[in-house]
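Each value in this text was obtained by applying a stated rule to the coordinates, not by laboratory testing. What you see is a predicted model, and the numbers here were worked out from it, not measured in a lab. Quick reminder, even Gly has a Cβ in these numbers, built from the backbone with ideal geometry, and neighbours come from all protein chains shown.
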């Protein structure tokens, strides 16, 4: 101990460089210091999220043209006006029109037999259907809809309520972190990735492959009650035979198209399945963009958790192909939740501003092919970095958050500040201490993700409520 103390006393506080690697040594004075990182008090935020979550479906905003009221929460423990208990959705000006097209579609969905679509793009913070699953559950309860929506043939992480399996020759091809050098085109589909069960140009022999999906009640009865499965794929040069099995019984045999890069084959179910399977046979594999598990009408909410992505890939996609997806799915609302993966690479304020510019360019790409779609941009959560023997918020996180918000406003998007919502600076430390965030000081735990989802949904429905009320008042005035 004396030797270590001696080293500590002479070792440079700023560390030393060895082969371009910084080597640090604990400073002896830090062990006797009383200056610990000040933790953010999140007790009132957690209390409000829990209060919101406990509201029964019957009381918590049916939110239609005929139902505009919401049961009041008991704020005895959470009524400190100095704390923002719910971070409101922010808009570029007081008109607050960025989400109006979505709100119009949501209000009309109950009288329309056609589903409307919400696409939730994000990084690993939403992986495995986290956050998205709560939004889906609530929206389908209040506005109708069944099924989990769009899923990958090979998920990186299993989602709530679904257990997927596949034969051993399948592989993933993606573009959301970098373009896959094996792919000779840019038609990656709505999820910026697809799957195949054999390599390109491997057409010498017949291959057999399968995909299987087992449904559970973990995500709720509505998610498990879908009645049709759609397979989205690009054609192959060789004929591919498929079989669709519902609870191990063959329900349909078909041949996939050999023309076009946007094809859909639908399988209708006789009942909500426990398990379905799709078998493939042919000398070549189609590009499988994904499966959609749906009901009739209502709201569909798709989760696109893109691990490692910063959201700057849209301009690399075949935009006409992406537009085919957006149009076919009847997309009305897109949520973009990125920023976390760029933080370790941001070294100064200029780099933070540049990231905002990159993101603005991506949003403009989406605007080009889907001009009527409402877009909500969600800023990054608090993230902590080790500073000596303690954790602190990344120094430039607020600058990145500000740049993302500016990009949202410049492209007429709404903005939700997740950093502020969870408590702001050094709040992640408190979330970890309470077991509602992971010990990597980056990701929420499943419980924490639900709390954030509750607050996001509450903010969204508050604005929807206000929209409907204003609309009805205008009709009444006329």
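Table for the structure above
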read-out	value
Ranking of 396, 306 by count of other Cβ atoms within 10 Å, fewest first	396, 306
Gyration tensor verdict on the stretch 114-181 (Cα atoms; rounded if a/c is under 1.5, prolate if a/b is larger than b/c, oblate otherwise)	prolate
Overall form of the stretch 339-452 per C-alpha gyration tensor (a/c, 1.5; a/b vs b/c)	oblate
Efficiency of FRET between residue 100 and residue 179 - r from beta-carbon atoms, R0 25 angstrom, step 0.05	0.10
Order of 347, 291 under a 10 Å beta carbon neighbour criterion, fewest first	347, 291
Spatial separation of Cα centroids for the stretch 411-478 and the stretch 115-151, in angstrom	15 Å
Contact order normalised by residue count of the stretch 146-296, Cα under 8 Å, 6+ apart, percent	35 percent
The chain: angle of helix 319-328 to the longest principal axis, Cα-based, in degrees nearest 10	70 degrees
Distant alpha-carbon pairs in the stretch 146-296 (separation over 20 angstrom), percent	46 percent
Mean separation of Cα contacts under 8 Å (6+ apart) over length of the chain, as relative contact order %	22 percent
Sorted by Cβ density within 10 Å, fewest first, the residues 240, 216	216, 240
Calculated FRET efficiency for the pair residue 111/residue 264, C-beta based, R₀ 25 Å, to 0.05	0.45
Net length gained if the chain between residue 327 and residue 41 were fully extended (0.36 nm per residue, minus Cα distance)	98.5 nm
Two-site FRET efficiency, residue 296 against residue 186, from Cβ-Cβ distance with R₀ of 35 Å, rounded to 0.05	0.55
Full-stretch length increase - residue 228, residue 199 - with 0.36 nm per residue and alpha-carbon distance subtracted	7.5 nm
Residue 386 paired with residue 281, simple spin-label distance in nm, labels 7 Å along Cα-to-beta-carbon	5.5 nm
Cα-based shape type of the stretch 235-301, given that a ≥ b ≥ c are square roots of the gyration tensor eigenvalues and the cut on a/c is 1.5	oblate
Fully extended contour minus Cα-Cα distance, from residue 349 to residue 237, at 0.36 nm per residue	35.3 nm
Relative contact order for the stretch 203-258, counting Cα pairs under 8 Å that sit 6 or more residues apart, in percent	25 percent
